[in-house]
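Single-structure report; data block below.
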Amino acid sequence: MIAIILAGGKGTRLRSEVPNLPKPMANINGEPFLHYLLNYLSEKGFKKVILSIGYLGQKIIDHFGYRYKNIEIFYELEKKPMGTGGAIKFCLKNVKEEYVFVLNGDSFSRFNPEKLIELAESNHCKAVLACCNISNTFRYGRVIVEDNIITSFEEKGHNKPGLISAGVYVLKKTALNDYKKTTFSIEEDFFFKEAEKRTLLAHIFDSYFIDIGTPEDYRKIEKEIKLIT
């Protein structure tokens with residue numbers, strides 16, 4: 001299995017806690033956050049990871065090099081911000097497999113890769129999002145799902161429980177072929193449109209999820225280290 005990890009963001013909101021580092025390199029109990037993501041992927045049998053890097057990306061290369069346990073690591077450097085969609089498309093040129101996993105470099109979840117890929121392959125779909133239920137979707141927005149089909153996305157800012165995207169999805173290699181722009185959002189320019197066509201599927205799982213995008217959650221994960229090891 002192969003995964004793309006989006007690790008190029010500046011992490012502006014986390015700068016007070018993690019100065020002079022890309023967000024995925026945030027220190028969690030003596031190890032960068034990315035260490036725990038790669039550990040999980042290694043445990044699940046991934047053999048290849050493409051890291052999409054940008055802001056201070058050399059620090060990621062210097063730390064991890066080109067192999068982590070049984071995973072071969074490749075890097076794609078964004079010379080300028082390309083958006084999540086642009087960064088993924090830039091990495092896809094190095095993907096030979098029919099489907100690739102994509103992970104946000106600032107969130108962790110215990111997703112089941114076998115079930116995600118099985119759902120994608122059996123339905124011949126462009127993408128399957130891993131979704132989980134949380135008690136407050138204010139920061140994330142909600143994913144509206146009917147019979148495993150994502151029908152719409154609700155904007156952020158609502159204090160209520162619901163399904164959210166866990167920052168992990170399976171994407172068909174050819175899914176972004178029609179996008180000629182080099183800079184675009186995978187969420188707004190692809191997922192939202194696919195949801196309108198009801199061609200986007202969800203795999204709902206009940207397991208641990210955290211996003212370290214804010215100082216509050218960054219401090220929280222330091223207390224929950226056992227849940228990501």
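In the range 215-229, the qualifying residues are those that are open to solvent by 20 Å² or more (accessible area, probe 1.4 Å) and either farther than 23 Å from ALA26 by Cβ or assigned to a loop (DSSP other than H, G, I, E, B) (or both), and the one that is modelled with the highest pLDDT is GLU224.
Going residue by residue through the range 184-191, is there one that turns out to be open to solvent by less than 60 Å² (accessible area, probe 1.4 Å) and part of a loop (DSSP other than H, G, I, E, B)? Yes, there is a match, as at least one residue in the range 184-191 is open to solvent by less than 60 Å² (accessible area, probe 1.4 Å) and part of a loop (DSSP other than H, G, I, E, B). Remark: pairs (first residue in the range 156-180, hydroxyl-bearing (Ser, Thr, Tyr); second residue in a loop (DSSP other than H, G, I, E, B) and open to solvent by 20 Å² or more (accessible area, probe 1.4 Å); Cβ separation under 9 Å; 6+ apart in sequence or on different chains) = SER165/TYR140; THR174/GLU98; THR174/LYS126. Contact map, the range 136-151: residues that are closer than 15 Å to PHE191 by Cα paired with residues that are in a strand (DSSP E or B) and of a type in the set (Asp, Glu), Cβ distance under 9 Å, separation 6+ or inter-chain. Pairs shown: TYR140/ASP211; GLY141/GLU154; ARG142/GLU154; VAL143/GLU154; ILE144/GLU154. Can you tell me which residue in the range 104-125 is modelled with the lowest pLDDT, limited to those that are crowded, with 21+ Cβ neighbours inside 10 Å and outside any strand (DSSP E or B)? My answer is ASP106. Being out of contact with any Gly (no Cβ under 7 Å at 6 or more places or on another chain), in a strand (DSSP E or B) and either among the polar types (S, T, N, Q) or modelled with pLDDT under 95 (or both), is that true of even one residue in the range 16-27? The answer is yes, given that some residue of the range 16-27 is out of contact with any Gly (no Cβ under 7 Å at 6 or more places or on another chain), in a strand (DSSP E or B) and either among the polar types (S, T, N, Q) or modelled with pLDDT under 95 (or both). Taken over the range 89-103, the criterion of being under 16 Å from the mean Cα position of the chain (by Cα) and either at pLDDT below 95 or more than 26 Å from TYR218 (Cα to Cα) (or both) is satisfied by LYS89, PHE90, CYS91, LEU92, TYR99, VAL100.
Can you name the residue in the range 60-88 that is of a type in the set (D, E, K, R) and modelled with pLDDT under 95 and is also least open to solvent (accessible area, probe 1.4 Å) among such residues? Across the range 60-88, the extreme among qualifying residues is GLU78. Of everything in the range 192-210 that is open to solvent by less than 60 Å² (accessible area, probe 1.4 Å) and part of a helix (DSSP H, G or I), the residue that is farthest from GLY86 (Cα to Cα) is ALA195.
The values are calculated or read from the model by the stated rules, or taken from the named source; none is laboratory data. From a predicted model like this one, the values you see are computed outputs, not experimental measurements. Every residue, glycine as well, gets a Cβ built from its backbone with ideal geometry; the counts of neighbours run over all protein chains shown. When the accessible area is computed, the model is the full protein with side chains, heavy atoms only, and any ligands, DNA or RNA have been set aside. Shrake-Rupley method; radii C 1.70, N 1.55, O 1.52, S 1.80 Å.
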